[in-house]
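Below is one structure. I have some questions about it.
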Amino acid sequence: MKLADLEIFVIGNPPPGWGGRYWIVVKLTTACGIAGYGEVYAAAVGPGAMRAVIGDVFARHMQGENPENLELMFRRAYSAGFTQRPDPTVMGAFSGLEIACWDILGKARDRPVWALMGGRINDRLRAYTYLYPLPHHDARGFWTSPEMNAEAALAAVEQGFTAIKLDPAGPYTIRGGHQPGLRDIALSVQMLKAIRGSVGDRADILFGTHGQFTPAGAIRLGAAIEPFAPLWFEEPVPPDDIPGMAEVARAVRIPVATGERLCTRAEFGAVLRAGAAAIVQPALGRAGGLWETRKIAAMAEAFGAQVAPHLYAGPVEWAANIQLAATLPNLLMIECIGTGDGFHGLLTGNALRVEDGFVTPPDAPGLGIALDEAVARAHPHDGTALHLEMQQTPCDYAGANAFAGGAPRD
C-alpha cells in the first residue's frame, strides 16, 4: 500500500455549534483505492492556512509512503524541519493524517483499529458530557443559572451519564492567567451546590476551566469548591505553566486534569514528571495521533495517572478516541458531546452513540464509521474565524462574567 491522495473537508458546524465553529476532516486514499478519515483538532491558524499546512505535511512527509510506517512519518513531521519539538499546528495536521492511516490499516485488514493496537480491554466506555441548555432554557441565561444547570445535570443523569462537566468560573482570555473574581467564585459554589443537590451521588462533577487562573487564583477557587467533591479540576492554569499546575495539584484536594492543548509525549511527559496532573486529557487530533497518544497513555500509567480523551471537535476524532479508549487499562472515561446525536450523528449515520451513559466500541473495520461526504459537502465553512477563540477583554471584576460553553457567536 502507498498513500496517494488527500482531500480536506472544512465542515461548518450548524447551530447550536457544540463542538466548535467548524471541523477539519481529512480523507486519505491509497494507490489501491482504500480510503481512511482523520480529524485535525482546533487549528491555531485560520482554516485556509490550515488547509495549506495539512497539504504540505502530507506531500512532504507522507505521500507515497506505506501507511504502516507511522513511526517513520511521525519522526519526519516532528523533526525534519529542524524542529524536533512539539509544534501544535504541524502536529495537529499530522495527527489528523495519522488517524486516517489507522482507518486505512483497519479496513485493509478488516479489523477495528482497537484490534491493531493491543486489543480491547474495555468493552464499555464510561462517557461524560458538558452541560448544555435544555430546549426550554434561555440559551444565554443558562451559563450563569444554577437552577438551569441543576436541571440539565439531572436530565443527563436520567440519560445514564455518571459524570457531567461545567465551566462556571468566568472567561478564558488572552490575558490569562488571572485571579478569579469574587462573583466567579461565588457562582461556582452556587452551581456545584445546586447540581449536587439535584443529582446527589449519582454522578461525578467535573469542574472545567481553560487555563484562566494564576496558581494562587486557582488555589483560592479550588478551596472554595472542594466541599462538593469534584472528580477533577481541569487545566486550572495556562498549559505552559507546568510548575504552577504542580503547585495547584499539591495545594488542592481535587485531582488536576489537563492535556487538551498539549502535543506529543514531550509535553505530557513534562507534566507527569512534575506531578502536575493525575488525569491526562489528550486530544487525538492535536496530540500526535493514535500511536503517539497510546505512548502518552502508557507513560501516564507508569506515573499512576489515568486517561480521559478530550473531545471538542467532530465525530471522526470521537471515533478515534473510542478506538484508543478500548485499549487502555488506565482509562477513566471519554468525553462526548451529549449522546452523539445531532450533527455529529448525521455525519456518520449515527454509527456511534452514548447509550445509558456508556459507549460500546464498534467491531466494524477501521474507525468504525463512514463519513457521509454528501452531508460534509453540504455544510462547507467559508469563514476566517478560528475553531475556538479566547476573548481579548480581561476578567470583569465589577460585573458578571460568563463562559458560554464554547459555542461560536457568529
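The values are calculated or read from the model by the stated rules, or taken from the named source; none is laboratory data. Remember, it's a predicted structure, so these values are computed and weren't measured experimentally. All Cβ positions, glycine included, derive from the backbone under ideal geometry; neighbour counts span all protein chains shown.
Say we look at the range 35-54 and pick out the residues that are surrounded by fewer than 19 Cβ atoms within 10 Å (Cβ to Cβ) and not in a helix (DSSP H, G or I); which of these is nearest to the chain's Cα centre (by Cα)?
It comes out as A44.
With the checklist (1) touching a Pro at 6+ places or on another chain (Cβ under 7 Å); (2) not in a helix (DSSP H, G or I) in hand, flag the one item P67 doesn't pass.
Status for P67: all satisfied but (1).
Let me ask something else. Looking at V26, is it surrounded by 15 or more Cβ atoms within 10 Å (Cβ to Cβ), of a type in the set (V, I, T) and under 16 Å from L367 (Cβ atoms)?
When the stated conditions are applied, V26 passes them.
Related question: Just checking: which of the helices (runs of 4 or more DSSP H) contained wholly in the range 204-308 hold 3 or more residues that are farther than 28 Å from T83 by Cβ and among the aromatic types (F, W, Y)?
In the range 204-308, there are no helices (runs of 4 or more DSSP H) which contain 3 or more residues that are farther than 28 Å from T83 by Cβ and among the aromatic types (F, W, Y).
Another one. Checking G160 against (1) touching an Asp or Glu at 6+ places or on another chain (Cβ under 8 Å); (2) within 30 Å of P215 (Cβ to Cβ), which single condition isn't satisfied?
With (1) touching an Asp or Glu at 6+ places or on another chain (Cβ under 8 Å); (2) within 30 Å of P215 (Cβ to Cβ) applied to G160, the lone miss is (2).
Which is touching a helix residue (DSSP H, G or I) at 6+ places or on another chain (Cβ under 7 Å), within 30 Å of Y37 (Cα to Cα) and either β-branched (V, I, T) or modelled with pLDDT under 95 (or both), of I164, I121?
I164 is the lone residue from the list that is touching a helix residue (DSSP H, G or I) at 6+ places or on another chain (Cβ under 7 Å), within 30 Å of Y37 (Cα to Cα) and either β-branched (V, I, T) or modelled with pLDDT under 95 (or both).
Does the range 143-157 hold any residues that are out of contact with any Asp or Glu (no Cβ under 9 Å at 6 or more places or on another chain), touching a residue at least 24 places away in the same chain (Cβ under 8 Å) and under 16 Å from Q190 (Cβ atoms), and which are they?
T144, P146, E147, N149, A150, E151, A153
Of the residues P14, P86, P67, which single one is in contact with a helix residue (DSSP H, G or I) (Cβ under 8 Å, 6 or more places away or on another chain), under 30 Å from G345 (Cβ atoms) and surrounded by fewer than 20 Cβ atoms within 10 Å (Cβ to Cβ)?
The conditions single out P14.
Only one of (1) basic (K, R); (2) surrounded by fewer than 21 Cβ atoms within 10 Å (Cβ to Cβ); (3) out of contact with any helix residue (DSSP H, G or I) (no Cβ under 6 Å at 6 or more places or on another chain) fails for R261. Which number is that?
Condition not satisfied by R261: (2).
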